[in-house]
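Contents: one structure, followed by commentary.
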Amino acid sequence: MARHCPDCGFVNAEGANYCQKCGAFVGDPDHHRDPAYRVDDETGEFVPVDLDAVVASTGAAIVIRSGGGRVGESVAITDERLTIGRRPDAGLFLDDVTVSRDHARVLQRSSAYWLEDLGSLNGTYVNRRRIDSHRLEDGDELQIGKYKLTFLSG
């Protein structure tokens, strides 16, 4: 079933979470979070992650939804700053030539999380809009290079 945007009235494709025209949320607000996993540091195996528990204990997480064969991986935001980029020591390492070495960062300011582009060549997008700085909300769709990510918060 097609989804009409509540903001601009655009008819979006079935399954869309954000309006293709204006970027407003058009997804199902009652949809349960998709499963995620993390890679165990000792065994290298994939371990299921309860995203609700991660968000409850850390306050926020980012889940990779597509790109680089890493669908479902999650990264808890445990510090006031999470770096994102192609640099191997980044908090969220994204191995893609369209991702800058120091592409973006998530900052916690008071009780809010902000995503900031660090002057990347190809840009940082939230809900299909290019941003310089953006206050993140639960369920926001991020795009950095070929990676699509979802921001989750409590």
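Of the residues that make up segment 59-70, is at least one farther than 25 Å from Ala16 by Cβ and either modelled with pLDDT under 90 or surrounded by fewer than 18 Cβ atoms within 10 Å (Cβ to Cβ) (or both)? Looking for residues that are farther than 25 Å from Ala16 by Cβ and either modelled with pLDDT under 90 or surrounded by fewer than 18 Cβ atoms within 10 Å (Cβ to Cβ) (or both), one finds at least one in segment 59-70, hence yes. I'm checking my understanding of the structure. Among residues of segment 39-53 that are of a type outside the set (Val, Ile, Thr) and open to solvent by 70 Å² or more (accessible area, probe 1.4 Å), which one is modelled with the highest pLDDT? Restricting to residues being of a type outside the set (Val, Ile, Thr) and open to solvent by 70 Å² or more (accessible area, probe 1.4 Å), the top hit is Glu42.
Residue-level check: of (1) touching a strand residue (DSSP E or B) at 6+ places or on another chain (Cβ under 7 Å); (2) modelled with pLDDT under 95; (3) farther than 30 Å from Asp7 by Cβ, Pro88 misses just (1).
So that you can scan it fast, the table gives a plain yes or no per residue for (1) part of a loop (DSSP other than H, G, I, E, B); (2) modelled with pLDDT of 70 or more; (3) surrounded by fewer than 16 Cβ atoms within 10 Å (Cβ to Cβ):
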{"residue": "Met1", "(1), (2), (3)": "yes, no, yes"}
{"residue": "Cys8", "(1), (2), (3)": "yes, yes, yes"}
{"residue": "Gly15", "(1), (2), (3)": "yes, no, yes"}
{"residue": "Gln20", "(1), (2), (3)": "yes, no, yes"}
{"residue": "Pro29", "(1), (2), (3)": "yes, no, yes"}
{"residue": "Asp34", "(1), (2), (3)": "yes, no, yes"}
{"residue": "Tyr37", "(1), (2), (3)": "no, no, no"}
{"residue": "Val55", "(1), (2), (3)": "no, yes, no"}
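Listed by position, the strands (runs of 3 or more DSSP E) inside segment 76-154 whose residues that are surrounded by fewer than 21 Cβ atoms within 10 Å (Cβ to Cβ) and of a type in the set (Gly, Ala, Ser) number at least 1 are 112-117, 133-136, 147-153.
Restricting attention to segment 95-116, the residues that are within 17 Å of Val75 (Cα to Cα) and at pLDDT below 95 add up to 2.
The values are calculated or read from the model by the stated rules, or taken from the named source; none is laboratory data. Not measured: the values here are computed from a predicted model. Every residue, glycine among them, receives a Cβ derived from its backbone with ideal geometry; neighbour counts consider all protein chains shown. Protein only, heavy atoms only, side chains kept; ligands, DNA and RNA dropped before computing areas. Shrake-Rupley method; radii C 1.70, N 1.55, O 1.52, S 1.80 Å.
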